[in-house]
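Written below as structure tokens is the structure these notes are about.
The values are calculated or read from the model by the stated rules, or taken from the named source; none is laboratory data. Everything quoted here is computed from the prediction, not taken from an experiment. Neighbour counts run over all protein chains shown; Cβ positions are idealised from the backbone, glycine included.
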There are 2 protein chains.
Amino acid sequence: MKLHQLRYIREVARQGLNVSLAAEALHTSQPGVSKQIQLLEEELDLQIFKRNGKRLIGVTEPGRIILERAEQVLREMENIKRVGEEFTHDDTGSLTIATTHTQARYRLPPAVTGFIEKYPGVRLTIHQGSPSQVAEQVVAAEADIGIATEAIADYPELVCLPCYQWNRCVVVPKGHPLLKDTPLTLEKIARYPVVTYDFAFTGGSLMTRTFAEKGLHPNFVLTAIDADVIKTYVTLGLGIGLLAKMAYDPDRDVGLEMLDASHLFPPSTTYVAIRRDSYLRGYMYGFIQMLAPHLDRKVVDAALKHSS
Amino acid sequence: MKLHQLRYIREVARQGLNVSLAAEALHTSQPGVSKQIQLLEEELDLQIFKRNGKRLIGVTEPGRIILERAEQVLREMENIKRVGEEFTHDDTGSLTIATTHTQARYRLPPAVTGFIEKYPGVRLTIHQGSPSQVAEQVVAAEADIGIATEAIADYPELVCLPCYQWNRCVVVPKGHPLLKDTPLTLEKIARYPVVTYDFAFTGGSLMTRTFAEKGLHPNFVLTAIDADVIKTYVTLGLGIGLLAKMAYDPDRDVGLEMLDASHLFPPSTTYVAIRRDSYLRGYMYGFIQMLAPHLDRKVVDAALKHSS
DNA sequence: CAACGTTACGCTCTTCGTAAAGATG
DNA sequence: CATCTTTACGAAGAGCGTAACGTTG
């Protein structure tokens, strides 16, 4: 059993059971891939792929299990390589962060600025997506770190660390009647059309639940994945905006006013998610701590170890 | 980076940093091992082993991490091999169980009997040891399954499943005054010299704690790791025995009488422990269920998946 | 000097790529 | 018949073992 053979079956599976594509992706010849897969199947004495004549048409039950395990092995090999890099070039490498729009736009910038200043040799990449996409990317080891608020604690492969809490606010166009009608309540919000996050997104489902508990069903005229889109439509007078307080910027959002709504909704917690089995580079610990000072190396290591 | 290289560094570490011994254990030549380790270190661009001239005298910090990861990789390769065996020879293989004396002697026999009847092709091995030794063996993948009562839930690498509960009894020589002095209490037990389990062993520490809570400090004249030893000395009149109820056999223990002590001590739970990342053969599920019928394949898989 | 690790070298086995042949839809 | 997989074969390369050399305590 050779590592190459595991790489080959993984790539074939990833390329939709197309051996030719896999060979190309691996910068090798197609017959070589074919051969190695046969050898592996012969050694294990079972079929990994279902075939119809010469075509691969599926993955067998044992094949599925083997593919999972193979991924694990290859990830761990990556980790070993990382250890080498960490100890010889501890200030160069790459960091890929998966996160949602709101975090990327309003919460990460200071940490990112500090990071590129402290670790100029590290290539930083940010992938944006829905919370579940964020989680999936970390699970698939396409991202080193995931930052999101929802749907991220349910993956057994991930360790989640509470990063910070936040709450919501209402934004309205200047001169809106709600500005004088204090204090703000859920009932008053529900009288107006509401523009807010897409339900799949940060805190979306929690908001509807909070309204529903009071028997309220506001008119959600528009749901977006993007706080800037929400604010744009509020400016246009489409309705009032309900979004993360951190997404309101008094300097920039000149046509809008903000009303704190922290007392109306339970606070949400944003988490940092890491694969349990990943080996973290020094600068990754650095980034996490810049984002949440209480998450120092010890805390993160303890969380990783606690259930590895 | 080759799998062989990982095997080599693992074996060298295991053999106390002796390359020659490692080469022998791996059935290969010593220079080959030396060479491959050098190549690996060169590729990773760091030292795995500390050297004094040509002697290996220690493991470097990155080396320690790499060795851990290498073990993980090699274990996972073992698992893949197992998958092959499971699907081609699903009724042959081996099962190694690590457990304590009391479990092996009084609780496992029916399950073992049933097992060898149902799976005659599987070679069964039982390793006996203290609870911590049991746990260590499972962690080191020297045993597939660990069965013990204490000190086994603290290993993050292991998943523990509650197997069954049990409690204690007092055994006394025939005609002992305690037999007529009902009901049995802790105070009455403490009046006599006590023969019981070694403190490191099943329920030992729990018993002393229970006595101490009542301000009692019985005279433990002998502590043993073995229920049969305890009973032997009780027969000899050294004191009264305090042991697991399952360890009393009315047919065999002819010179002894048993007094239930379940009401005096909190019940203990015996757990089955498995490495989180191990691939279980079908017959392993079979054995576990024979031992504890509620632990069917679904339950075990759920527990393994829940935190892998 | 005895035990241990490294270097040197020739041999073997594996792997890879190219070319050709066989299946599939 | 275009696409995809397998078979065949020759060349390059990696790993292994023996033997000789260098170090360590």
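Annotations for the structure displayed:
Results for (1) surrounded by fewer than 19 Cβ atoms within 10 Å (Cβ to Cβ); (2) part of a strand (DSSP E or B), shown as yes or no for each residue.
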position	(1), (2)
A:134	no, no
A:138	no, no
A:147	no, yes
A:150	no, no
A:154	yes, no
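- All conditions but one from (1) in contact with a helix residue (DSSP H, G or I) (Cβ under 8 Å, 6 or more places away or on another chain); (2) closer than 27 Å to residue B:148 by Cβ; (3) assigned to a helix (DSSP H, G or I); (4) aliphatic (A, V, I, L, M) apply to residue B:178; the one that does not is (2).
- Residue within the stretch A:212-227 that is at pLDDT 90 or above and among the charged types (D, E, K, R) present: yes
- Odd one out for residue A:29, checked against (1) away from DNA strand D (no atom under 13 Å from the Cβ); (2) surrounded by fewer than 14 Cβ atoms within 10 Å (Cβ to Cβ): (1)
- Residue match in the stretch A:94-112 (condition: away from DNA strand C (no atom under 16 Å from the Cβ), surrounded by 15 or more Cβ atoms within 10 Å (Cβ to Cβ) and either of a type in the set (Phe, Trp, Tyr) or over 29 Å from the mean Cα position of the chain (by Cα) (or both)): yes
- Taken over the stretch A:61-116, the criterion of being touching a residue at least 60 places away in the same chain (Cβ under 8 Å), among the basic types (Lys, Arg) and under 27 Å from residue A:49 (Cβ atoms) is satisfied by A:75 alone.
- Residue check, residue B:169 of a type outside the set (S, T, N, Q) and within 28 Å of residue B:233 (Cβ to Cβ): yes
- The sole residue among B:263, B:306 that is over 21 Å from the mean Cα position of the chain (by Cα) and within 14 Å of chain A (Cβ to nearest Cβ) is B:306.
- Residue list for the stretch B:48-60, filter: surrounded by fewer than 11 Cβ atoms within 10 Å (Cβ to Cβ), charged (D, E, K, R) and more than 8 Å from DNA strand C (Cβ to nearest atom): none
- For the stretch A:36-47, the tally of residues that are more than 11 Å from DNA strand D (Cβ to nearest atom) and buried (at least 19 other Cβ atoms within 10 Å of the Cβ) stands at 3.
- Wholly enclosed helices (runs of 4 or more DSSP H) of the stretch B:1-96 bearing at least 2 residues more than 12 Å from chain A (Cβ to nearest Cβ) and more than 25 Å from residue A:63 (Cα to Cα): B:3-14, B:19-25, B:30-44
- For the residues A:268, A:307, the requirement of being of a type in the set (Ser, Thr, Tyr), surrounded by fewer than 17 Cβ atoms within 10 Å (Cβ to Cβ), touching a Ser or Thr at 6+ places or on another chain (Cβ under 7 Å) and modelled with pLDDT under 95 singles out A:307.
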